[in-house]
1. When the helix-only estimate is applied to the protein assembly as shown (DSSP H runs of n ≥ 4, each -39,500 (n - 2.57), divided by the residue count), what is the mean residue ellipticity at 222 nm, nearest 500 deg cm²/dmol?
2. In whole Hz, with x marking every Gly and Pro, tabulate ³J(HN,Hα) for segment A:137-148 from phi via Karplus 6.51 cos²θ - 1.76 cosθ + 1.60, θ = phi - 60°.
3. Per Stokes-Einstein, at 20 °C and 1.002 mPa s, what whole-number D in µm² s⁻¹ belongs to segment A:150-286, with the Kirkwood radius over Cα pairs as the hydrodynamic radius?
4. So how do B:LEU150, B:LEU89, A:LEU269 line up by other beta-carbon neighbours within 10 Å, fewest first?
5. Using the alpha carbon gyration tensor of the protein assembly as shown, what are the three equivalent-ellipsoid semi-axes (square root of 5 times each eigenvalue), largest first, in whole Å?
6. Taking a ≥ b ≥ c as the square roots of the eigenvalues of the Cα gyration tensor of segment B:31-93, is the shape rounded (a/c under 1.5), prolate (a/b larger than b/c) or oblate?
7. Hey, got a sec? Which chymotrypsin sites (Phe, Trp or Tyr not before Pro) in segment A:115-204 land in a DSSP loop and have at most 11 other Cβ atoms within 10 Å?
8. Enter the per residue convex hull volume of segment B:113-159, computed from alpha-carbon coordinates, in Å³ rounded to the nearest integer.
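Each value in this text was obtained by applying a stated rule to the coordinates, not by laboratory testing. All values reported here derive from a predicted model rather than from experimental measurement. For neighbour counting, all protein chains shown are included, and Cβ atoms are generated from backbone atoms with ideal geometry for every residue, glycine included.
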Amino acid sequence: MRPETRAAYGFLSPWVIGFLGLTLGPVIATFVMSFSDYDVLSSTQWVGAENYRDALDDPHAHAALKNTFFYTALYVPLSIGIALGLALLLQSAGRLKGVFRTVIYLPVVTPPVATGVLFLQLLNGQTGLINNVLGTFALPTPNWTTDPMWIKPGIVIMSLWSVGSVTLILFAALAEVPAHLREAALVDGAGAWRRFYHITLPMISPAIFFSVVVNTIASLQLFSEVYTMYFGATTTPPPEEALFYVVYLFEQAFRDFEMGYAAALSWLLFLIIMAITAVQLVVSRRLVHYRSD
Amino acid sequence: MSTDMTSVPATAPLAAAREVTPAPTSPSPRGGAGWARRVAVWLTCGVFAVIFVYPLVWLVSASLKPRQDVFNNKLIPDPFAFGNYAKVLEELPFLQWTLNSVVVGMAAAIAVTLSSALVAFGFAYFQFRGKNALFALVLGSMMLPSAATLIPTYLIWNYLGLASTQVPLWAGNLFGSAFYIFLLRQFFRGLPREIFDAARVDGSGFFGLFWRIALPMSKPALAITFILEFQASWVDLLKPLVYLRDESLFTLPRGLKSVLDQFGQGGQREWEVVMAANVLVVLPMFLLFAVAGKYIMQGISVSGSKE
């Protein structure tokens, strides 16, 4: 072996070891464990596909999946749309750009657990600030944290508060749209909307697509804020509408120590995420425009 | 390894690490219409600014109110109840939790910066067969949901007798992390090759190239990596929930959750204490943002437009 090659392997070895030991190994182990009954203390029982059959019959797992999908379907389009609007606003903010960018980003810097604690109060049906404002404009004031119909929309509102990271990604993409293209279109007499739709949007479509994929994956794994608000050592039982997939998985694995069942849930989530990402990739072929430079 | 599932902030962007150039935009205002447009833009900015900032203002205000006033939605507390903070610091091991968060965050950030830089240099400097395939694997591993590895990883630490310590919160970082490897590789590739060639002629070994040339020349990229990971570690709730049992080992997010359970809805309903504790958890991140916001936003801004 050439000394260069040997050295290269040396440099890469931390990642390779970590990938085998802490990523690939555990993914395979999760799969193997999903066919077992394991509670850490007693020995492993092999149960075949029973965990998967249980998951199909488990009303909590169904609820968790349904809630998670509902949330993702609502949050991802809203967050991308709002972020795009804010990014465009930011672009034309002139002298206020720096300040406005910082302001948008502050919620992203706020730890999720703190966001959860804060919004538990802001969303409160009786005393919360949000209903206080809505009431001032004579808008409906639902019980965001207790009314089954409004719990998930409330969680979406909380998540949208942290839309700043997507905004910055899209803003960065907007900044890379070559000015000469827009100027050329302007010379050709294209209006603002046409310039946006035919030039800006295709140019930033890779960044939008990237944000959709990453946000979807993150949304399907939403945990910290929701767990903070509704789970843990609470006196009231957590509402079923707040049971998100990873929250349920966490409780199965680390509260009830149903490790085998939780492994099956993990593996199912893994498959669901892969499937959704694959669909997004296929759809993106037609919609996303990649520059050839 | 896999991305952290708890960091909803769109997690770490996948693709390129090119620094963001300021937008060559803002067409010059043309007469009265330009003026009206500018005012409209500023007003809209103002409305959104209030939406984003006011919850935090509300939080600080609530944390300074006596118990019966916490939810009165008034901007200025009357009277001010600074005692809330004293109570947090007296009745809870808050300073210990802060210290734990600092120690874990430093360990996590140092470990991931050094290991990712090492791997990134391997990808940037050397030519070897299978390099592109291996790098594709690094990028692909970013998409892996951390839920898929959570349970066996716990069992590994349990087997090693470290499951109830702070070690699992940072030790996984010793093996590099895909996003940072990507970011640093981009940076290293931009360094002039001639410098390395000259050092080789002078007898430097490969590690010397990395340690004495590549690292010192890459301080901005290393700073971005360090700060982003410190932040990610600081805000993480899931891993502390999984691993930490002993209250004296808690990091701030885990501590805040137990404050909420103990003083909030789970118990005594002393919300003023919860709010003061919340401010103390948020504040260090805002200080970091004030000092290093440039790096944080650069790290996030690296766009997803280049595969």
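1. -21000 deg cm²/dmol
2. Computed from phi, the couplings for segment A:137-148 are 8, 6, 8, x, 10, x, 7, 4, 9, 10, 6, x Hz.
3. Values: Rh = 18.2 Å.
Rounded, D is 118 µm²/s.
4. On the way: B:LEU150 25, B:LEU89 14, A:LEU269 21.
Ranked by crowding around the Cβ, least crowded first: B:LEU89, A:LEU269, B:LEU150.
5. On the way: eigenvalues 258, 233, 120 Å².
In descending order the semi-axes read 36, 34, 24 Å.
6. Values: a/c = 5.17, a/b = 3.34, b/c = 1.55.
Taking the square roots of the gyration eigenvalues as a ≥ b ≥ c, segment B:31-93 is prolate.
7. Those satisfying the criteria are A:PHE137.
8. Working: hull volume 5.3 nm³, N = 47.
Normalising the Cα hull of segment B:113-159 by residue number yields 113 Å³.
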